[in-house]
Amino acid sequence: MSSQPTPDPTAGHLPDPADAPADGGSAPDGGSALEEAAAVARARRLTDVITRLRRALRSSIRTDYPWESLPMAQVELLQTLATAPLRVGELAARQRLAPNTVSGLIGKLLEAGFVDRQPDPGDRRTARIALTEAGHQQLRDWQHAHERRLAAALESLPTTDREAVMHALPALELLAKALSGGTGALTEPR
């Protein structure tokens with residue numbers, strides 16, 4: 001297998017300096033129009049790659065794990081609940097979903113026996129949603145299928161590309177934290 005990086009058909013699609021205003025232009029935040037256009041182009045490319053990667057992950061996992069077994073929205077709830085039981089409102093906030101949407105998903109997970117309602121020790125009037133053993137097992141099965149597919153895909157890449165993906169993970173984690181309102185606060189483009 002070749003160790004040459006895989007060519008990217010979208011590489012090099014940064015703005016042309018000839019398209020910038022003659023005076024260099026100024027973006028509203030004080031940067032140049034060219035810098036802003038370059039930042040937008042990077043964001044567009046990243047958005048495109050993330051969209052294609054999510055689509056590929058969803059479709060490839062379904063080879064080993066059919067949709068009807070566990071839809072992605074339910075997987076995400078189970079992943080969130082794997083760390084600790086939560087109230088529906090807390091779960092909705094973490095998932096950035098409407099509480100009624102989360103309630104509907106929880107109803108399906110309750111019917112399947114993957115979660116149950118437990119009294120909240122801090123407030124007996126409310127309940128927390130917790131994974132059952134069946135829910136933990138379902139999540140483990142999904143994660144193992146996902147890991148097998150990803151491992152196979154990574155192994156199919158040339159070594160340099162596989163290493164580049166792994167080296168990009170810390171930056172992608174910071175980006176996810178910044179987008180989630182974490183400590184990697186959003187700042188103006190560089």
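The values are calculated or read from the model by the stated rules, or taken from the named source; none is laboratory data. The model shown is predicted, which means the values in this text are computed figures rather than measured ones. All Cβ positions, even for glycine, are placed from backbone atoms using ideal geometry, and neighbour counts span all protein chains on display.
Can you tell me which residues in region 77-96 are free of Cβ contacts under 8 Å to residues at least 24 places away in the same chain and either surrounded by 15 or more Cβ atoms within 10 Å (Cβ to Cβ) or in contact with a helix residue (DSSP H, G or I) (Cβ under 7 Å, 6 or more places away or on another chain) (or both)?
Matches in region 77-96: THR80, GLY89, GLU90, ALA92, ARG94, GLN95.
Among the residues of region 116-157, which ones are at pLDDT 95 or above, of a type in the set (S, T, N, Q) and in a helix (DSSP H, G or I)?
Within region 116-157, SER156 is the sole residue that qualifies.
Could you tell me whether any residue of region 135-155 is surrounded by 13 or more Cβ atoms within 10 Å (Cβ to Cβ), touching a residue at least 12 places away in the same chain (Cβ under 8 Å) and more than 20 Å from SER60 (Cα to Cα)?
Scanning region 135-155, I find at least one residue that is surrounded by 13 or more Cβ atoms within 10 Å (Cβ to Cβ), touching a residue at least 12 places away in the same chain (Cβ under 8 Å) and more than 20 Å from SER60 (Cα to Cα), so the answer is yes.
Could you tell me whether region 172-181 includes any residue that is outside any helix (DSSP H, G or I) and at pLDDT below 95? Before you say what the answer is, go through the steps one by one.
Of all residues in region 172-181, those outside any helix (DSSP H, G or I) come to 180-181.
Okay, now just the ones that are also at pLDDT below 95, so 180-181.
Within region 172-181, one or more residues are outside any helix (DSSP H, G or I) and at pLDDT below 95.
Just name the residue that is farthest from GLY135 (Cα to Cα) out of those in region 88-115 that are touching a strand residue (DSSP E or B) at 6+ places or on another chain (Cβ under 8 Å) and assigned to a helix (DSSP H, G or I).
Residues of region 88-115 touching a strand residue (DSSP E or B) at 6+ places or on another chain (Cβ under 8 Å): 88, 91, 94, 106, 109-110, 114-115.
Narrowing the set further to residues that are assigned to a helix (DSSP H, G or I) leaves 88, 91, 94, 106, 109-110.
Values: VAL88: 17, LEU91: 16, ARG94: 19, ILE106: 12, LEU109: 8, LEU110: 10 Å.
Within region 88-115, the match that is farthest from GLY135 (Cα to Cα) is ARG94.
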